[in-house]
Amino acid sequence: MTAAPDTGCSPPGPRPRARLAPLVLPVFVPSAVYGLGNGAAAPMFPLRALELGASPGLAGLVVALSGFGMILMDLPAGSIVARLGERAAIALGSAAGALGMVAAIFAPNIAVFGAGMLLTGAATAVWGLARQSYVVAVVPAADRGRVLSVFAGSMRLGFFAGPFLGAAIVHGAGPVGALWVQLGAVVLAGGLVAVMPEPAEGAATGVTGIGTVLREQRGLLTTLGSGALLMGAARASRQVLLPLWAAHIGADAAVVALLFGIAGAVDVLMSYPSGLWMDRFGRRAIGVPSMLCFAAGYAVLPFAGSVLWLGVVAMLLGVANGLGNGVIMTVGADIAPPDRRAEFLGAWRLTHDFGMFAGPIAIGVIGAVSVLGGAAVVLALSAGAGAVAMYRWFPGPGGVLPDSAR
């Protein structure tokens, strides 16, 4: 197995930090715009599915197709970025994302809406991998936690603002209004990247067969990847379970959008500090508390019988998401082989994105045969298991990777 030499923590003694200013236009601004659209539309996807006649269980399953789209495209995305470079990959992803949103907006039935969700997920896989690959190429290992957390935080900033913008539009146009916001954001973010020059290292990595990468890195993808998978499940599930629980207790769509926005504020506030803590104390010191907060939030959700208590749960899950801001991307960057970075990162993202797909699927299945509260309990237990996996295998202080992870 080939392992990357960088493990990503600061060496002793003072040293200059990587500057963030050169990354504002090529990375942070497009990510914030993309996140704005996601933030406006995410809480409305389940409600749009309900409008089209889906039951709560079916709504969870259909929205989960976005995660399935990411799974289908994660491995090809690594090859696309390695072969075409970042800018062309972004253009391709933006076009697919726009087409997916058009399908979701004008869907005459739940099947067409599901196809739109599938395309949206595929676009997100290409878009996210291209941005991450660029950051890994230009940022020193000792600053990865900070820069990747700001990168994730810029998208979370948009995700925070999106529900407030979405709430105003949803009030007049219904859930589909927020989907128009995402369509505009996808087009604008793609355009911002398309007019920029290709990074010097955009297509510099060697192109390696995906099968080779999977065989060589199967140990890391199995051990550390289990923690990434369970974090993905915890993250994606809140975007489905919270709106469905809100509908269960009688809250309207505009209130759901505002709750997501308030929780997003916590997310944004945690971005920069979590990156600094990662660089100083190791990736494990961020991953484990994040998963424990997810476990606590899902455990108490079945007791949230009012909008006020639902807001408290949403904020606790926002703290969880904010604590883990950038940790999966940073760990992936730490362990990626330099000569096949894009392909490995595609495989690494697959572990996380499979969890993002499986979490909402679990909600749909459990909600169809039982109650939504049962889904929350299952998610609490899986988040606790994720905390154990991260404690055992994620890098600790000094960037040391446990032998059991290899």
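The values are calculated or read from the model by the stated rules, or taken from the named source; none is laboratory data. Remember, it's a predicted structure, so these values are computed and weren't measured experimentally. Counting neighbours? That spans all protein chains shown, and the Cβs are built from the backbone with ideal geometry, glycine included.
Miscellaneous remarks
- Residues of the stretch 360-371 that turn out to be in contact with a helix residue (DSSP H, G or I) (Cβ under 6 Å, 6 or more places away or on another chain) and either farther than 25 Å from Met329 by Cα or at pLDDT 85 or above (or both), as a count: 5
- Filtered by the rule that a residue be surrounded by fewer than 24 Cβ atoms within 10 Å (Cβ to Cβ), part of a helix (DSSP H, G or I), touching a helix residue (DSSP H, G or I) at 6+ places or on another chain (Cβ under 7 Å) and not small (Gly, Ala, Ser), the stretch 137-149 gives a lone residue, Asp143.
- Among residues of the stretch 124-163 being of a type in the set (D, E, K, R) and under 23 Å from Ser66 (Cβ atoms), the one that is nearest to the chain's Cα centre (by Cα) is Arg156.
- Checking each residue of the stretch 3-12 against the condition of being surrounded by 24 or more Cβ atoms within 10 Å (Cβ to Cβ), of a type outside the set (Val, Ile, Thr) and either modelled with pLDDT of 80 or more or not in a helix (DSSP H, G or I) (or both) gives at least one match.
- Helices (runs of 4 or more DSSP H) fully within the stretch 297-404 counting 1 or more residues that are free of Cβ contacts under 8 Å to residues at least 60 places away in the same chain and not small (Gly, Ala, Ser): 307-323, 341-369, 372-393
Residues checked against (1) modelled with pLDDT of 80 or more; (2) in contact with a Gly (Cβ under 6 Å, 6 or more places away or on another chain); (3) not in a helix (DSSP H, G or I):
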{"residue": "Leu118", "(1), (2), (3)": "yes, yes, no"}
{"residue": "Ala122", "(1), (2), (3)": "yes, yes, no"}
{"residue": "Ala152", "(1), (2), (3)": "yes, yes, no"}
{"residue": "Pro163", "(1), (2), (3)": "no, yes, no"}
{"residue": "Leu188", "(1), (2), (3)": "yes, no, no"}
